[in-house]
Amino acid sequence: MTSPRKPRLADAAEIAAEQGLTSARVTRLCNTRDQNGFPEIAGMRRRARLWDHAEVTKWFADRSLARLGDHTPPPRDPEDLLNGVATSKFLGYKNINQVNNYVRDRPGYFPDPDVVEEMGTPERPYRKLL
């Protein structure tokens, strides 16, 4: 008879890397698990919390599907250009700067903008993406 396999455990840094988050965000999800259903801690290594990797992966997959299912984008003319804030709202992100953050921090995640306007002053330049 074979013994049951031990679950693979993952720490906050590993979960964060796989899910595109920070370790601090994983810790916040854990600390608010009563509200969000994040999996319980499965063990400890030194002072680091560990979670069942399969449970966490399933939680994120289910969470993404649920969030997408609750959002219906408003009707709009497909020829209209949207800036990052408008795109975040259109996609249903809670953080209205989500698209801008992803464009800045994860090049290639979203398609390149159709229009880039150089704005601001030489001392404080910024780009407006449409």
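General observations
- There is at least one residue in segment 42-55 that is among the aliphatic types (A, V, I, L, M), surrounded by fewer than 15 Cβ atoms within 10 Å (Cβ to Cβ), modelled with pLDDT of 85 or more and over 19 Å from Gln19 (Cβ atoms).
- Residues being in contact with a Leu (Cβ under 9 Å, 6 or more places away or on another chain), assigned to a loop (DSSP other than H, G, I, E, B) and open to solvent by 60 Å² or more (accessible area, probe 1.4 Å) - total across segment 113-125: 1
The values are calculated or read from the model by the stated rules, or taken from the named source; none is laboratory data. Small disclaimer: the values here were computed from a predicted structure and weren't measured. All Cβ positions, even for glycine, are placed from backbone atoms using ideal geometry, and neighbour counts span all protein chains on display. To get the accessible areas, we keep the full protein, side chains included, count just its heavy atoms, and leave off ligands, DNA and RNA. Shrake-Rupley method; radii C 1.70, N 1.55, O 1.52, S 1.80 Å.
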